[in-house]
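Chemist: Dropping the structure in here first, questions after.
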Amino acid sequence: MTDRTLLLQTFDALLQPERFRDYGPNGLQVEGVATVRKIVSGVTASRALIEAAIAARADTIFVHHGLFWRGQDGRVTGWLKQRLALLLAHDINLFAYHLPLDAHPEWGNNAQLGLMLGLSAQSHFGEQNLGFLGGRVDEACFESAEALAQHLEFKVKRPVALVNVAKRAIKKIAWCSGGAQSYFEAAIAAGADAFITGEISEPQAHLARECGVAYLACGHHASERYGAPAVAAQVAAQLGLQHEFIDIDNPA
Ligand SMILES: [Zn+2]
């Protein structure tokens, strides 16, 4: 077991939230019990995850998508009231780290997605340097964007939306987890042959065709399942806590 304050300091030391301009508060979003024994990690602090954490007898939840975002109107009603009521009634700590969890060079979403796909980053690109740019660890090429899409589908276990017009091998690969549609132009400018993220929107399909750079969208959730458990496992081991990852699947 450990102390909540030490747990916060350990997460902060690892993820360095002060380095990022983010869309919501990073760190302890909801204060629960002072002595921590078990962390449940997950992608999003949904009601289903909170209920699963209660059933798993966790006193702490660690997520990528917390409860509070810039632009919310601040009313604690409806779904937000329900989630908060559950956390408070069970004295559960909620820790959330957004961009710092995408960015961590070893345990973050992008690093872990790359690891799973057999990719290593040589450099970074885009807003706040969150995008990863590199290629296969074995330095080989994918013979086509279709081959890369197949590999991605196999690894994330879901259909991938692929927009590709170029008939060429894929060597330089850019990736950024979640809803990183807006990173596509920076990936093109950085010389990528293909860009992998979670989501696709209308403009990117046209850009992919017009610029000849393949666009692969494998699901926001599916691309961000890996950072939270990796970081939580690391910190739990360091502090002697139990840890369990609970995936609340999401087709998004
Ligand atoms: Zn996300």
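Chemist: Taking only C-alpha pairs under 8 Å that are 6+ residues apart, what is the relative contact order of the chain in percent?
Modeler: 22 percent
Chemist: While we're here: Please give the peptides 174-184, 12-22, 31-41 ranked by average Cβ packing (other Cβ atoms within 10 Å per residue), highest first, as a rough proxy for protection. Mind dumping the intermediate values first?
Modeler: Details: 174-184: 24.4, 12-22: 14.8, 31-41: 18.5.
The packing order, highest mean first, is 174-184, 31-41, 12-22.
Chemist: Can you sort D73, D91 by how many other beta carbons sit within 10 Å, fewest first? Show your work: numbers first, answer last.
Modeler: Numbers: D73 5, D91 12.
Taking fewest neighbouring Cβ atoms as first place, the list is D73, D91.
Chemist: Report, in debye and to the nearest 20, how large the dipole of region 201-252 comes out about its Cα centre when Lys and Arg carry +1 and Asp and Glu carry -1 on their Cβ.
Modeler: So the magnitude is around 120 debye.
Chemist: Sequence gap at least 6, Cα distance under 8 Å: using those rules, report the relative contact order of region 117-215 to the nearest whole percent.
Modeler: Taking the mean separation of contacting Cα pairs over the length of region 117-215, I get 28 percent.
Chemist: Something else: Rounded, prolate or oblate: pick one for region 118-221, where a ≥ b ≥ c are the square roots of the eigenvalues of its C-alpha gyration tensor, a/c under 1.5 means rounded, and failing that, prolate if a/b is larger than b/c, else oblate.
Modeler: Rounded, because the longest to shortest axis ratio a/c is under 1.5.
Chemist: Once you place label points 7 Å from the Cα toward the Cβ at Q150 and L80, how far apart are they in nm?
Modeler: With each label point 7 Å from Cα toward Cβ, the separation is 4.7 nm.
Chemist: Also: Taking the Cα-to-Cβ direction at A189 and at D73 and moving 7 Å from each Cα, how far apart do the two end points lie in nm?
Modeler: A separation of 3.7 nm, rounded to one decimal place.
Chemist: Let me ask something else about it. Whole angstrom only: what separates the Cα centroid of region 125-142 from the Cα centroid of region 1-49?
Modeler: One Cα centre to the other: 28 Å.
Chemist: Test of understanding: what is the full-extension gain from A13 to R47, defined as 0.36 nm times their sequence separation minus their Cα-Cα distance?
Modeler: Result: 9.4 nm gained on full extension.
Chemist: Kindly provide the helix-only [θ] at 222 nm of the chain, computed as the sum of -39,500 (n - 2.57) over DSSP H runs of four or more divided by all residues, to the nearest 500 deg cm²/dmol? Write out the running numbers ahead of the final one.
Modeler: On the way: 10 runs with 92 residues, N = 252.
Calculated from helices alone, the mean residue ellipticity at 222 nm is -10500 deg cm²/dmol.
Chemist: Something else now. Going by how many other beta carbons lie within 10 Å of each one, how would you line up V235, V76, V163, fewest first? Walk me through the numbers on the way to the answer.
Modeler: Working: V235 23, V76 11, V163 18.
In increasing order of surrounding Cβ atoms, one gets V76, V163, V235.
Chemist: So, one more: For region 1-108, what class follows from the C-alpha gyration tensor (a ≥ b ≥ c being the square roots of its eigenvalues): rounded when a/c is under 1.5, otherwise prolate if a/b is larger than b/c, else oblate?
Modeler: Because a/c hits 1.5 or more and a/b fails to exceed b/c, region 1-108 counts as oblate.
Chemist: Follow-up. Calculate the dipole size of the chain relative to its Cα centre from +1 charges on Lys and Arg beta carbons and -1 charges on Asp and Glu beta carbons; express the result in debye to the nearest 20.
Modeler: Value, rounded to 20: 220 debye.
Chemist: Full extension from I248 to R168: what is 0.36 nm times the residue separation minus their Cα-Cα distance, to one decimal in nm?
Modeler: Taking I248 through R168 to full extension adds about 25.1 nm, to one decimal.
Chemist: At a 10 angstrom cut-off on C-beta neighbours, averaged per residue, how do the peptides 120-128, 216-224 rank from highest to lowest?
Modeler: Highest to lowest by the protection proxy: 216-224, 120-128.
Chemist: Please state the shape class of region 128-176: rounded when a/c is under 1.5, otherwise prolate if a/b exceeds b/c and oblate if not, all from the C-alpha gyration tensor.
Modeler: rounded
Chemist: How high is the relative contact order of region 39-135, in percent, counting Cα pairs under 8 Å that sit 6 or more residues apart?
Modeler: Over region 39-135, the number comes to 21 percent.
FYI, it's all coordinate maths here, none of it is from the lab. Not measured: the values here are computed from a predicted model. Because the Cβ atoms are built from the backbone with ideal geometry, glycine has one as well, and the counts that use them run over all protein chains shown.
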